[in-house]
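Below: one structure, written as structure tokens.
The values are calculated or read from the model by the stated rules, or taken from the named source; none is laboratory data. If you're wondering where the values come from, they're calculated on a predicted model, not measured in any experiment. So basically every Cβ, Gly included, is an ideal-geometry build from the backbone, and we count neighbours across all protein chains shown. These accessible areas exclude ligands, DNA and RNA; they are computed on the full protein's heavy atoms, side chains included. Shrake-Rupley method; radii C 1.70, N 1.55, O 1.52, S 1.80 Å.
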Amino acid sequence: MNNNHLNDCPDWRYLLMECYELYRHLDSGGSDLIRSHQRKVREAISRTMKANPEITIDNIADKPVTKHLKRALDEGKIHSHFSVIRSFESISDRLNWQYGYEKMPRALENKYAYAEICGPHGPVISDEVILGVVLFAPGCVYPSHAHDGITESYICLSGSVSENHQGVYSPGSMIFNPPSHTHRITVSRLEPALLLYAWVGEQDNLKKQEMVFSRKKQDKKLKPSDK
Ligand SMILES: [Fe+2]
């Protein structure tokens, strides 16, 4: 176990700064709703940084899909947000890659994992915002899920994905999912995809997002804690 505070860990602080800047510079495409979400994420990151929170690195774990991480990072560096990739790379050996499922669907075992950067469960402790990354292998199909009480955005850092067959998102694109919006993600067959995600909502709703979740039997959607 390694407990420290944000100001003692410049790599983590720079990464939060880069995430803040990403949410400042991304164009909202004229959407008031998305602009407001971006502001909420920025304000939450800013308050988190000012609080100089604890950093808890209790577990470091890989998953099979992390064999694709180097390729995803290399590909992401050729785009305008390369500084986010670069700062992410500096902490990438201290991440806890997780599935989040109680029972992992066989088809996803080698093709998906997520790692949290900031949130109630750390590594950077915050009850204001959850930030993390999700990594998909080429050809991954990520099942339908929704997040009750949580507004979510994905920013594509590398590769390309589609959500609900409604458009293709490449590096620099943002996907916005209002609370309870059901979404399913498909990934390019050629390259892995790395997405940054941010969740904002009431503190109780953020805390409620368990690390372990399972599929609902009746409609095969995932519980809200899925990424
Ligand atoms: Fe999601």
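Within segment 118-129, identify whether any single residue is part of a strand (DSSP E or B) and open to solvent by 10 Å² or more (accessible area, probe 1.4 Å), and answer yes or no. Show your work before the answer.
Keep residues of segment 118-129 that are part of a strand (DSSP E or B), which gives 118-119, 124-125.
Right, trim to open to solvent by 10 Å² or more (accessible area, probe 1.4 Å) and you get 125.
Within segment 118-129 (the criterion being part of a strand (DSSP E or B) and open to solvent by 10 Å² or more (accessible area, probe 1.4 Å)), the answer is yes, since at least one residue qualifies.
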Consider only pairs whose beta carbons are under 8 Å apart and that are at least six residues apart or on different chains; among these, list those whose first residue lies in segment 177-205 and is in contact (Cβ under 8 Å) with a residue 40 or more places away in the chain and of a type outside the set (Val, Ile, Thr) and whose second residue is outside any loop (DSSP other than H, G, I, E, B) and surrounded by fewer than 18 Cβ atoms within 10 Å (Cβ to Cβ).
Pro178/Leu33; Arg184/Val141; Arg184/Pro143; Arg184/Ser144; Glu191/Arg71; Pro192/Arg71
Within segment 7-89, helices (runs of 4 or more DSSP H) holding 1 or more residues that are closer than 17 Å to Val134 by Cα:
10-25, 69-76, 82-89
Tally time: how many residues in segment 199-227 are modelled with pLDDT of 85 or more, part of a loop (DSSP other than H, G, I, E, B) and either open to solvent by less than 10 Å² (accessible area, probe 1.4 Å) or within 13 Å of the ligand (Cβ to nearest atom) (or both)?
0
Is there a residue in segment 84-93 that is surrounded by fewer than 15 Cβ atoms within 10 Å (Cβ to Cβ), at pLDDT 95 or above and touching a Lys or Arg at 6+ places or on another chain (Cβ under 9 Å)?
no
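Tally the residues that are within 11 Å of the ligand (Cβ to nearest atom) and farther than 20 Å from Tyr101 by Cα, restricting the search to segment 142-175.
Residues of segment 142-175 that are within 11 Å of the ligand (Cβ to nearest atom), as a first pass: 142-147, 150-154, 163, 175.
Narrowing further to those that are farther than 20 Å from Tyr101 by Cα: 151, 153, 163, 175.
Residues in segment 142-175 being within 11 Å of the ligand (Cβ to nearest atom) and farther than 20 Å from Tyr101 by Cα: 4 in total.
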Cβ-Cβ distance below 6 Å, separation of 6 or more or different chains: which pairs start in segment 138-155 with a residue that is open to solvent by 30 Å² or more (accessible area, probe 1.4 Å) and end on one that is within 10 Å of the ligand (Cβ to nearest atom) and outside any strand (DSSP E or B)?
Ser144/Thr182; Asp148/Pro224
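Could you check segment 168-198 and list, in sequence order, the residues that are part of a strand (DSSP E or B) and not hydrophobic (A, V, I, L, M, F, W, C)? Reasoning before the result, please.
Residues of segment 168-198 that are part of a strand (DSSP E or B), as a first pass: 168-169, 174-177, 183-187, 193-198.
If the condition is that a residue be part of a strand (DSSP E or B) and not hydrophobic (A, V, I, L, M, F, W, C), then Tyr169, Asn177, His183, Arg184, Thr186, Tyr197 are the ones that fit.
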